[in-house]
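The values are calculated or read from the model by the stated rules, or taken from the named source; none is laboratory data. Fair warning: this is a prediction, and the values are worked out from it, not measured in the lab. All Cβ positions, even for glycine, are placed from backbone atoms using ideal geometry, and neighbour counts span all protein chains on display.
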Amino acid sequence: MYKNLFKLLLALLLIVSIISCKKGLDQTKKTKPSPKEIPFALVIHGGAGTIKKEFMTPEKETAYTKKLQEALDTGYKILENGGTSIEAVQKTINIMENSPLFNAGKGAVFNSLGKQEMDASIMDGKTLNAGAVAGVSRIKNPIDAAILVKDSTKHVMLSGKGAEEFAKQHQLQFEDESYFYTENRYQSLLRAQEKEGGKVLNKSNSKNKPDFIDEHKKGTVGCVAIDKSGNIAAGTSTGGMTNKKFGRIGDAPIIGAGTYANNITCGVSATGTGEFFIRTLAAHEVSNLIQYKNLSLKQALKQVIHVEIDSLGGDGGLIGLDKNGNIAWDFNTAGMYRGFKKSTGENVIKIYSE
Ligand code: ASP
């Protein structure tokens, strides 16, 4: 009889401990924090300069806004579907390179000899791998060539004929000079040559009225993205500066000057008079200020543009995105084509100063 009672007691004890154990497990399940959702996002620019409302027609404004939105949507979709930030930066920049509105790919500006020589670069913030091309002609999408340099060579930058040959070997798309030509850019060159001197090219006999806005902006394009894995990438593509000396290379293809990305800090893309961004290593400087001076992205951008670039007499702007998905931009010009889109639902496009 005692034996049976003891057995019953033991069984009861077992049941109670099983129930309390399960309850405990359920509780840990409930209190265990879910893995941190990484917000994905991208930020773009389409160049900085004297972009003022009074120089803009409603049609132009709509055209720019639409194209910037298309670029943002393209990159956003890639990120939303789990694509990498490198892929998002590439495809976003492709949209702007393929549009004559911007000074990159189709619609690139002319140098002093009336030629279009383009620069582009990309950087992967996870590996710090980077690729760039400088002074290339006829490659439809210079940013694609920059990615090829990153992925298929042990180098960071290829230039001129070598870069073009390399792009040919990898079957990148080439276009005739006529594809890149826009009358607006050519007129800008003629006006710049009249003002700045240098080789005065023959006036084209086009009846098109010169586009006043065009003269007052530079139109480089750039993109910084962070994907669902928290990897940051940055890229920049440009035709450089109107009436630049043949062979001149700007900041856009120089890693650390026009483009920089590092997962532990941020990604940055620059636009403006490249010489100043090279001399201040502007994009890398932003990263350094965050890493070593504990500045926020916003503070770092402000310091580089409004102190370092300003004090040299430079002009332009920067866009940035930090490791937490915060987005910021700054510029000391009248305007900058810019926008961002975040997985939190924000979608912003701006042209003029705030
Ligand atoms: N930064 C470019 C360059 O100097 C020009 C621009 O951004 O508009 O080549």
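Of everything listed in (1) among the hydrophobic types (A, V, I, L, M, F, W, C); (2) in a loop (DSSP other than H, G, I, E, B); (3) surrounded by 24 or more Cβ atoms within 10 Å (Cβ to Cβ), the single unmet condition for ALA71 is (2). Between LYS106, LYS91, the distinction of being under 15 Å from the mean Cα position of the chain (by Cα), among the charged types (D, E, K, R) and at pLDDT 95 or above belongs to LYS91 only. Note on the range 35-68: among residues that are closer than 22 Å to THR333 by Cα and assigned to a strand (DSSP E or B), the one that is farthest from the chain's Cα centre (by Cα) is GLY49. Given the options THR265, THR273, THR344, THR333, name the one that is surrounded by fewer than 23 Cβ atoms within 10 Å (Cβ to Cβ) and farther than 30 Å from GLY197 by Cβ. The unique qualifying residue is THR344. Taking residues in the range 39-66 that are modelled with pLDDT of 95 or more and more than 16 Å from the ligand (Cβ to nearest atom), and partners anywhere that are part of a loop (DSSP other than H, G, I, E, B) and not hydroxyl-bearing (Ser, Thr, Tyr), the pairs with Cβ atoms closer than 7 Å and at least 6 places apart or on different chains are PHE40/ASP227; PHE40/LYS228; ALA41/GLY325; ALA63/LEU101. Just to be sure before I move on: is GLY272 in contact with a helix residue (DSSP H, G or I) (Cβ under 7 Å, 6 or more places away or on another chain) and closer than 19 Å to ALA334 by Cα in the structure I sent? For GLY272, the condition - in contact with a helix residue (DSSP H, G or I) (Cβ under 7 Å, 6 or more places away or on another chain) and closer than 19 Å to ALA334 by Cα - is not met. Among the residues of the range 101-125, those identified as within 12 Å of the ligand (Cβ to nearest atom) and not in a loop (DSSP other than H, G, I, E, B) are MET118, ASP119, ALA120, SER121. For residues that are at positive phi and in contact with a strand residue (DSSP E or B) (Cβ under 9 Å, 6 or more places away or on another chain), scanning just the range 288-326, find the one that is surrounded by the most Cβ atoms within 10 Å (Cβ to Cβ). Only one residue fits best here, namely GLY316.
Scanning the range 91-108 for residues that are surrounded by fewer than 24 Cβ atoms within 10 Å (Cβ to Cβ) and of a type in the set (S, T, N, Q), which turns out nearest to VAL224 (Cα to Cα)? The residue in question is ASN94. GLU275 fulfils the conditions (1) farther than 21 Å from SER353 by Cβ; (2) under 15 Å from the mean Cα position of the chain (by Cα) except for a single criterion, (2).
Listed here are the helices (runs of 4 or more DSSP H) enclosed by the range 126-243 that have at least 3 residues being at pLDDT 95 or above and crowded, with 24+ Cβ neighbours inside 10 Å: 142-152.
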